[in-house]
Structures are given as structure tokens and as C-alpha cells.
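Values in this text are rule-based calculations from the coordinates and carry no lab data. Quantities reported herein were computed from a predicted structural model and do not represent experimental measurements. Note: ideal-geometry Cβ built from the backbone for every residue, glycine included; neighbour counts use all protein chains shown.
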């Protein structure tokens, strides 16, 4: 499992969403087992990745497993219990 964050550098909601997810991963002892990748939509490469993943809003958080999408949260951090269930923790 991997969490992919589609963000912009000046996006306060993006920073808050990532902080919330990192907090809960640490709390559950899963920070080392669930990698986080940030894709910056302020860059050309980030925009290409967003287009390929059908991402139109930030923050968008995508939970991936073996290259496929398991869950997606748009414009918000996932509720902690929902994230925990999706991760199987």
C-alpha cells in the first residue's frame, strides 16, 4: 500500500491533510510500512501525473496497492477510521 498526495505548495488544506495522515500513521505504528509520495501540481511533471490519474482538485489523496487505486479522497483528508479500515490496520 502507498499513499499518493496530489498537492500544491501554497495549499494550506494540502499541508493539513498530510499532517493529519502522518499523525495517524505514526499513532498506529504504520508510518514505516505505508510510504507517502507527494506530487506537486505546481510543476509540469506533477500536472502530467495528475492528468494521468484524473486528479482535478487539491488535495487529492489516493491509496494505491500493487499499482491500482484502492481509495481516493478529494479536497480533504480521509477520516481516520476510514483510512485505518482501508489500510487494514
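For the listed peptides 76-87, 22-33, a ranking on the average number of other beta carbons within 10 Å per residue, highest first, reads 76-87, 22-33. How large is the translational diffusion coefficient of region 1-45 in µm² per second when you combine the Kirkwood radius over alpha carbon pairs with Stokes-Einstein at 37 °C and 0.692 mPa s? Rounded, D is 293 µm²/s. The modelled label-to-label distance between residue 65 and residue 38, using points 7 Å beyond Cα along the C-beta direction, is 2.7 nm. Rounded to the nearest 10 degrees, the angle from helix 12-27 to the longest Cα principal axis of the chain is 20 degrees. Dividing the Cα radius of gyration of the chain by its Kirkwood radius returns 0.94 for Rg/Rh. Name the residues of region 46-89 whose amide N is less than 16 Å from a point 7 angstrom out from the Cα of residue 27 along the C-beta direction? Label zone hits: 77-89.
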